[in-house]
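The values are calculated or read from the model by the stated rules, or taken from the named source; none is laboratory data. All values reported here derive from a predicted model rather than from experimental measurement. Here Cβ is always computed from backbone atoms with ideal geometry, including for glycine, and neighbour counts include all displayed protein chains.
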Amino acid sequence: MTGEAKVLIGVGVVTLALFVGGILMLTKNNASPTPQTVDSAVLMREGSFRVGPAEAPITLVEFSDYQCPYCAQAQAVVDSLIAKYPDQLLFTYRHFPLSQHRHAVPAAEAAEAAGEQDKFWEMSNLIFERQDEWAEASDPLPIFQQYAEELELDLEQFNQAMSEHTYQAKILQGVADGNTLGVNSTPFFFLNGQKFTGGYNALPAAIEQALQ
């Protein structure tokens, strides 16, 4: 065998090895990652507001920002799911106020202060439904106080919770937990303990499939 032939064979072997290696690498990169279940103790803290039976076959956790327009849109989808699956869905709300939304923390505090008087969901709905009223206000507190009046809350108790920032630590815990779990935007959902990347409009189909 001539030297030239040996060189050609050697080049061919190297080329083949690179080709096969490239295919294996491409296959590995394109393989669907195995879903990873996150720590449920971090995902659903004691004291987080939730609705639905504790032993429901489907769990849905949302990290949300009251000043986020997409979160307000997502709320309608979540409400429809809660109504459709009252015995099969456990929904948990977690706070994740984004830094660019200056009124998101006070809004969350208002919801928590209402929750102290068993009106968390009612206040939460008002805050989302009337986002345009308070989101650009210089001071949203009088608006939240108006909502508290509409819900017939004890205003003295509500105002004390707001002025003392009673629930700020709980809200910031939501941010810390979200960061630990890889939350980087809102609304961000976890379905049955796994990150849900399909967007809130894809939730109904995903839950239907999970129940089947």
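Determine whether segment 28-37 contains at least one residue that is exposed (fewer than 10 other Cβ atoms within 10 Å of the Cβ), at negative phi and at pLDDT 50 or above.
First pass over segment 28-37, keeping only residues exposed (fewer than 10 other Cβ atoms within 10 Å of the Cβ): 28-34, 36.
Pick out the ones that are also at negative phi and you get 28-34, 36.
When the remaining residues are screened for being at pLDDT 50 or above, the result is 36.
Within segment 28-37, one or more residues are exposed (fewer than 10 other Cβ atoms within 10 Å of the Cβ), at negative phi and at pLDDT 50 or above.
Against the definition (touching a residue at least 24 places away in the same chain (Cβ under 8 Å), surrounded by fewer than 14 Cβ atoms within 10 Å (Cβ to Cβ) and more than 15 Å from residue 61 (Cβ to Cβ)), how does residue 150 come out, yes or no?
Numbers: touching a residue at least 24 places away in the same chain (Cβ under 8 Å): yes; surrounded by fewer than 14 Cβ atoms within 10 Å (Cβ to Cβ): yes; more than 15 Å from residue 61 (Cβ to Cβ): yes.
The answer is yes for residue 150.
Going by what's in this entry, would residue 104 be described as closer than 23 Å to residue 189 by Cβ, in the same structural domain as residue 78 (by TED's automatic domain parsing) and touching a residue at least 12 places away in the same chain (Cβ under 8 Å)? Write out each step before concluding.
Details: closer than 23 Å to residue 189 by Cβ: yes; in the same structural domain as residue 78 (by TED's automatic domain parsing): yes; touching a residue at least 12 places away in the same chain (Cβ under 8 Å): yes.
Yes: the conditions hold for residue 104.
Please pick out the residue among 172, 81 that is within 19 Å of the chain's Cα centre (by Cα), at pLDDT 95 or above, under 20 Å from residue 51 (Cβ atoms) and aliphatic (A, V, I, L, M). Even if it seems obvious, please write down each step before you answer.
Working: 172 fails: under 20 Å from residue 51 (Cβ atoms).
Testing whether each residue is within 19 Å of the chain's Cα centre (by Cα), at pLDDT 95 or above, under 20 Å from residue 51 (Cβ atoms) and aliphatic (A, V, I, L, M) leaves just 81.
Residue-by-condition table, conditions (1) within 23 Å of residue 44 (Cβ to Cβ); (2) crowded, with 19+ Cβ neighbours inside 10 Å:
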position: 118; (1), (2): yes, no
position: 122; (1), (2): yes, no
position: 125; (1), (2): yes, no
position: 129; (1), (2): no, no
position: 132; (1), (2): no, no
position: 138; (1), (2): no, no
position: 145; (1), (2): no, no
position: 164; (1), (2): no, no
position: 167; (1), (2): yes, yes
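Table: residues versus (1) in contact with a Leu (Cβ under 9 Å, 6 or more places away or on another chain); (2) more than 23 Å from residue 92 (Cα to Cα).
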{"site": "130", "(1), (2)": "no, no"}
{"site": "139", "(1), (2)": "no, yes"}
{"site": "150", "(1), (2)": "yes, yes"}
{"site": "199", "(1), (2)": "no, no"}
{"site": "205", "(1), (2)": "no, no"}
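Of these, 56, 107, which one is of a type in the set (Gly, Ala, Ser) and surrounded by fewer than 20 Cβ atoms within 10 Å (Cβ to Cβ)? Steps first, answer last, please.
Values: 107 fails: surrounded by fewer than 20 Cβ atoms within 10 Å (Cβ to Cβ).
The match here is 56.
Does residue 185 fit the bill of being under 15 Å from the mean Cα position of the chain (by Cα) and outside any helix (DSSP H, G or I)?
Values: under 15 Å from the mean Cα position of the chain (by Cα): yes; outside any helix (DSSP H, G or I): yes.
Yes.
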